[in-house]
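Reviewing the structure listed below.
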Amino acid sequence: MESSGVNISTIRPITYEELIQLGCDTTTSNCLSAPTWVYSTSYWSGTASKSNALWHVNSDADFYSRTYNVKYFLGIRPVIEIPISEF
């Protein structure tokens, strides 16, 4: 985007709180109430649930915490923050 002349203030993984705001639910362990783009692919969030586990979403709309391990091939869902002054 910066090559298009847009200033990016931050690029970071999506957080647990943002996933909850989008419609993911720990009670049902899924994101079926979220927009489909939230669970269109599998990825780690940027939020730990304990010292060795991260929240993640998978393409079946599952939402839960899992111990991070190389055997789980999950991507990331980046959040790109652009200053409001750019609009």
Cα lying deepest toward the dipole's positive end in the chain, options N69, V57, V6, charges on Cβ: N69
Long-range HN-HN contacts of S45 with modeled amide H, under 5 Å: W55, H56, V57
Residue-normalised accessible area of region 21-76, given per residue in Å² at a 1.4 Å probe: 59
Region 1-74: Cα Rg divided by the 2.2 N^0.38 Å rule of thumb: 1.21
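For the ranges 44-57, 24-37, 74-87, what's the packing order if you count other beta-carbon atoms within 10 Å of each residue, average per peptide, and put the highest first? Don't skip to the answer; put the middle values down first.
Working: 44-57: 16.6, 24-37: 14.1, 74-87: 11.8.
Descending mean neighbour count gives 44-57, 24-37, 74-87.
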Cα-centred dipole magnitude for region 9-80, charges only on beta-carbon of K, R (+1) and D, E (-1), debye, nearest 20: 280
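The values are calculated or read from the model by the stated rules, or taken from the named source; none is laboratory data. Not measured: the values here are computed from a predicted model. Counting neighbours? That spans all protein chains shown, and the Cβs are built from the backbone with ideal geometry, glycine included. Note: areas computed on protein heavy atoms with side chains; ligands, DNA, RNA excluded. Shrake-Rupley method; radii C 1.70, N 1.55, O 1.52, S 1.80 Å.
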